[in-house]
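The values are calculated or read from the model by the stated rules, or taken from the named source; none is laboratory data. From a predicted model like this one, the values you see are computed outputs, not experimental measurements. Neighbour counts are summed over all protein chains in view; Cβ atoms, including those assigned to glycine, are modelled from backbone coordinates with ideal geometry.
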Amino acid sequence: MSKTDTLARPDRAPGAPGLGCLDDFPRVRFFDAPTPVERLTRLEAALGAGPILVKRDDCQPLAFGGNKTRQLEFYFGAAQAQGSDAVLITGATQSNYCRLAAAFAAKLGMDCHIQLEARVPRSDPAYKRSGNVLLFEMLGATLYDYPHGEDEAGADARLEEIADDLRRNGKTPYVVHLGPGHPPLGALGYAVAAREILEDGLGADEIVVSSGSGATHAGLLTGLRALGDRTPVHGICVRRDAERQRPRLIERCGEIADLMGIPNPVRPEDVIVDDRFLAPGYGRMNPPTAEAIQLAARLEGLLLDPVYTAKSFAGLVDRARTGPGDKTRLYIHTGGLPALFAYADDVREAL
Ligand SMILES: *Cc1c(COP(=O)(O)O)cnc(C)c1O
């Protein structure tokens, strides 16, 4: 077999729809795929578990990287295709999404307008000024405050108002929407990642990933199923409980398939969400989260953030401890590390 044969794209399984028109979407790229994969042998030994692999989506060159890079490739592709010169985005005060949008905008010579939602009940200087907030300022973004944290439609409507103002001033803005009701372009980034995982031939028996807006979880799941792969994807809830997250995911998967122009390959029973590590809520720690941070750091030198990856890693640790000991588990590290410094006191308390 020639080298090109071994590197060839995994053909979709017979009967699977494939990724449709995924590669026809405009895309702006600032990192070379695939991201590195690391094995956690000391953690495996400590938990008495089979192989644990980590796909290091936190290891990318642009502004600390993370899952939002893959998502923004498609939004900025669309923005550039429309000739936009300004991007508007909304997120929590310590949003990784907003940080990476500001970095993309800087790199492309566009303006970035960031709306920060009061999603976490905190007003201490570290939370309001350090971590990602410092990076927004360094990257030259314009910041706006939004007083609500659980009003996605309201946050999007406010962005549209800001966009109208910009238009009146001669700008051509592009809005990255938060709430449902808009095509989930960013999720396509994780259909790309699904293909990457299969190309890497990691042989995972199950995948564990954070489930927040669901773009990452739904994109990954739809991509895998579209290629005919049936690996279970465990979405660990970081934002809302399973009862609210599940229907959202099911709907998102359908929308992603629509975008790719394929029949929806995801069955409702494919959507696995686990909210046991969510309490007391978004951006707030709990004992399994604290344990996950310690285990990853002290056994593997692997750093986790308290909002997203520590929760999903707690889910991975739980599965590795209680599940069959001969399975290969793949964890997706989605990044988020700059927020560590905004949560320094919480993290220290947990050690
Ligand atoms: C946003 C984010 C998530 C959640 O991803 P979704 O696509 O919104 O579900 C997970 N990890 C990190 C570090 C994030 O910034």
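Set side by side, the residues 196, 137 differ, and just one is without any contact (Cβ under 8 Å) to a residue 12 or more places away in the chain and within 24 Å of residue 107 (Cβ to Cβ), which is 137. Among residues of the stretch 227-241 that are in the same structural domain as residue 331 (by TED's automatic domain parsing), those with a beta-carbon under 6 Å from a residue that is basic (Lys, Arg) at least six positions away or on a different chain give the pairs 227/12; 228/12; 236/311; 238/311. Search the stretch 219-233 for residues being of a type outside the set (Val, Ile, Thr), more than 13 Å from the ligand (Cβ to nearest atom) and farther than 11 Å from residue 264 by Cα, and hand back the single one that is surrounded by the most Cβ atoms within 10 Å (Cβ to Cβ). Within the stretch 219-233, the match that is surrounded by the most Cβ atoms within 10 Å (Cβ to Cβ) is 224. With respect to the stated conditions, residue 99 is among the basic types (Lys, Arg), in contact (Cβ under 8 Å) with a residue 60 or more places away in the chain and assigned to a helix (DSSP H, G or I).
Condition test on residue 11, is it assigned by TED's automatic domain parsing to the domain that holds residue 321 and assigned to a loop (DSSP other than H, G, I, E, B)? Reasoning before the result, please.
Details: assigned by TED's automatic domain parsing to the domain that holds residue 321: yes; assigned to a loop (DSSP other than H, G, I, E, B): yes.
The answer is yes for residue 11.
Quick test for you: out of 276, 246, 348, 298, pick the one residue that is surrounded by fewer than 24 Cβ atoms within 10 Å (Cβ to Cβ), within 30 Å of residue 122 (Cα to Cα), within 16 Å of the ligand (Cβ to nearest atom) and charged (D, E, K, R).
246
Only one of the numbered conditions (1) part of a helix (DSSP H, G or I); (2) surrounded by fewer than 21 Cβ atoms within 10 Å (Cβ to Cβ); (3) touching a Pro at 6+ places or on another chain (Cβ under 7 Å) is not met by residue 64, and that is (1).
With respect to the conditions (1) more than 16 Å from the ligand (Cβ to nearest atom); (2) touching a Leu at 6+ places or on another chain (Cβ under 6 Å); (3) closer than 29 Å to residue 120 by Cβ, residue 237 falls short on a single one, namely (1). Residues in the stretch 59-72 include none that are assigned by TED's automatic domain parsing to the domain that holds residue 205, more than 30 Å from residue 134 (Cβ to Cβ) and more than 16 Å from the ligand (Cβ to nearest atom).
Name every residue in the stretch 8-30 that is among the hydrophobic types (A, V, I, L, M, F, W, C) and under 29 Å from residue 264 (Cα atoms), in order of residue number. Can you show your working first?
Taking the stretch 8-30 first, the residues among the hydrophobic types (A, V, I, L, M, F, W, C) are 8, 13, 16, 19, 21-22, 25, 28, 30.
Within the stretch 8-30, 8, 13, 16, 19, 21, 22, 25, 28 qualify.
Within the stretch 29-38, being charged (D, E, K, R) and surrounded by 14 or more Cβ atoms within 10 Å (Cβ to Cβ) holds for one residue alone: 38.
Cβ separations smaller than 7 Å between residues 6+ apart or across chains give the following pairs from the stretch 298-314 residues that are farther than 13 Å from residue 286 by Cα and assigned by TED's automatic domain parsing to the domain that holds residue 43 to residues that are among the basic types (Lys, Arg) and more than 10 Å from the ligand (Cβ to nearest atom): 299/42; 300/42.
Here is the figure for the stretch 133-154: residues that are outside any loop (DSSP other than H, G, I, E, B), out of contact with any Leu (no Cβ under 9 Å at 6 or more places or on another chain), more than 26 Å from residue 216 (Cα to Cα) and of a type outside the set (Val, Ile, Thr) total 1. The set of residues in the stretch 21-61 being of a type in the set (A, V, I, L, M, F, W, C), within 18 Å of residue 320 (Cα to Cα) and assigned to a loop (DSSP other than H, G, I, E, B) consists of 40, 49. Selection of helices (runs of 4 or more DSSP H) fully inside the stretch 275-351 by the criterion of at least 2 residues being under 22 Å from residue 37 (Cα atoms) and out of contact with any Ser or Thr (no Cβ under 7 Å at 6 or more places or on another chain) returns 287-300, 309-322.
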